[in-house]
Amino acid sequence: MRRISTLCVSIVFTTIMCAAAFAQPAPSPSPGEDPGVASKRLYAAGIEAYNLGEFSKAADLFKQAYKTKADPVFLFNVAQSLRLDKKPGEAAVFYRSFLRNMPQAPNKLEVEQQIKDMDAAQAVLDAEAKKKAEEEERRRIEEEERRKKIPDPSDVNVPPGGDQLPPGDGPKPIYKKWWFWTAIGAVAVGATVAVVVLAGGSEEVSPPGSDLGNTVVFR
């Protein structure tokens, strides 16, 4: 709570130091306009944008105000706007610039703490960005490996009227077909049976022995 209160006091501090003239805000100084008046108008516009949560716009307006009048307080306001705009690295740069131009600032301790916090926040963002980049690179490599496994169209056999087949999966010779050898086996069995039947039919069968002699009764 103390840090939040101190930051609020810091904003009030900037307002007092700038002695703002709250006229209608202007995006940039008019030609020939007094630098002091222009900086106050830009500051007022920046405060309005800041209060509306338009932190990126507020930072730009405070930068313009500083270019019109090099007051270090504008640098602090830029840093505050960038911090709330989730740009910790840029915010740290302007906090440091503020202390460099106003080394005895009454809120020096709070600004130094903000610098540490912004540096830590930026480190987290950098780590997340690095992790994301590594994951994207890993997915890219995996996709390349997957593509390498897809057969080249020039190496694929295309049977007439058929679908593409990978190398080695072309039409098999007839002697490699299962039904070819099944048919051969069936023919061989049939031929064997036929030979046995024919051989048995041409052999003369001896009649059984009887008292009637060896008269052949049946032929």
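Quick note: the coordinates plus some simple rules give every number you see, no bench work behind them. These numbers come from a predicted model, not from an experiment. Using ideal geometry, Cβ is built from the backbone for each residue, glycine included, and neighbour counts are taken over all protein chains shown.
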Burial-style ranking of 101-108, 87-94, average other-beta-carbon count within 10 Å with highest first, yields 87-94, 101-108
Taking r as the C-beta separation of Ile141 and Glu112 and R0 as 41 Å, the FRET efficiency to the nearest 0.05 is 0.40
So, with points 7 Å from each Cα along the Cβ direction, the Ala120-Glu54 label distance in nm works out to 3.3
Ordering 123-136, 44-57, 69-82 by per-residue average of other C-beta atoms within 10 angstrom, highest first, gives 69-82, 44-57, 123-136
